[in-house]
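One structure below.
The values are calculated or read from the model by the stated rules, or taken from the named source; none is laboratory data. As the structure is a computational prediction, the values presented were derived from the model and not from experiment. No Cβ is skipped: glycine too gets one built from the backbone with ideal geometry, and neighbour counts run over all protein chains shown.
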Amino acid sequence: MFIEPNIRDGSGGWIEVICGSMFSGKTEELIRRLKRVRIANLEARIFKPAMDTRYHKENIVSHDEQSIHSTPIIDSSLILSLTEGVHVAGIDEAQFFDHEIVSVCETLANRGVRVIVAGLDMDYTGKPFGPMPALLSIADYVTKLHAICMQCGSIAQYSYRKTDDGGQLMIGQQEHYEPRCRKCFHRSA
């Protein structure tokens, strides 16, 4: 269970990473934490990769249709100039950002900003995805979420791609991916 520290106590910023497979609730958890930030009357800015337009061009939207406004970003370094004076920076789908996102998050935390990052820790082949391994290694707090395996009902930590379309960066939904447990994922590989 994640216990939120107090950003107003003067102890500086930190990095929280929410990771897991597709359909594990990463974006839902990010939105939940950001809504608590708003309840606390803290200033926040939220970002997502501009390439992710699955549900909405600007909003971050979870699979269960919860949403929160965000700023689509092409280059992660832009986040630094857009977070002046904020207490909290939220970042969704971090695996799609360039590797500069790691130093951006570290710079923000060193400025005293609470950084909440959500993303896939593994790609559809079960390999570490983009900048996520580096983000996990510098995080102060890590929350690993699991989905339910669509084959057997066990705890799922893999995102199985049901189609042969595209390379590593294929943004999709349930028609393209399903969560699978270790046994079912490797049985299909």
- Selection count where residues are modelled with pLDDT of 75 or more, β-branched (Val, Ile, Thr) and not in a loop (DSSP other than H, G, I, E, B), scope segment 46-93: 7
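What are the residues in segment 92-114 that are more than 19 Å from Ala50 (Cα to Cα) and not basic (Lys, Arg), if any?
Of segment 92-114, the ones more than 19 Å from Ala50 (Cα to Cα) are 103, 106-114.
Matches in segment 92-114: Ser103, Glu106, Thr107, Leu108, Ala109, Asn110, Gly112, Val113.
Out of Gly112, Gly119, which single residue is closer than 30 Å to Ala40 by Cβ, at pLDDT 95 or above and assigned to a loop (DSSP other than H, G, I, E, B)?
Working: Gly119 fails: assigned to a loop (DSSP other than H, G, I, E, B).
Result: Gly112 is the single residue among Gly112, Gly119 that is closer than 30 Å to Ala40 by Cβ, at pLDDT 95 or above and assigned to a loop (DSSP other than H, G, I, E, B).
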- Residue by residue through segment 10-33, note down the ones that are under 12 Å from the mean Cα position of the chain (by Cα), part of a loop (DSSP other than H, G, I, E, B) and within 18 Å of Phe47 (Cα to Cα). Gly25
- Query: Are any residues in segment 126-145 outside any strand (DSSP E or B) and without any contact (Cβ under 8 Å) to a residue 60 or more places away in the chain, and if so, which ones?
  - Reply: Lys127, Phe129, Gly130, Pro131, Pro133, Ala134, Ser137
- Flagged in segment 64-79 as aliphatic (A, V, I, L, M), out of contact with any helix residue (DSSP H, G or I) (no Cβ under 6 Å at 6 or more places or on another chain) and within 13 Å of Ser103 (Cα to Cα), in numbering order, are Leu78
- Message: Taking the condition of being of a type in the set (S, T, N, Q) and in contact with a helix residue (DSSP H, G or I) (Cβ under 8 Å, 6 or more places away or on another chain), how many residues in segment 107-153 meet it?
- Response: 3
- Message: Condition first: in a loop (DSSP other than H, G, I, E, B) and not acidic (Asp, Glu). Now tell me which residues in segment 94-109 satisfy that.
- Response: Phe97, His99
- Message: With the requirement that a residue be crowded, with 22+ Cβ neighbours inside 10 Å and in contact (Cβ under 8 Å) with a residue 40 or more places away in the chain, what does segment 97-119 give you?
- Response: Phe97, Cys105, Leu108, Val113, Arg114, Val115, Ile116, Val117, Ala118, Gly119
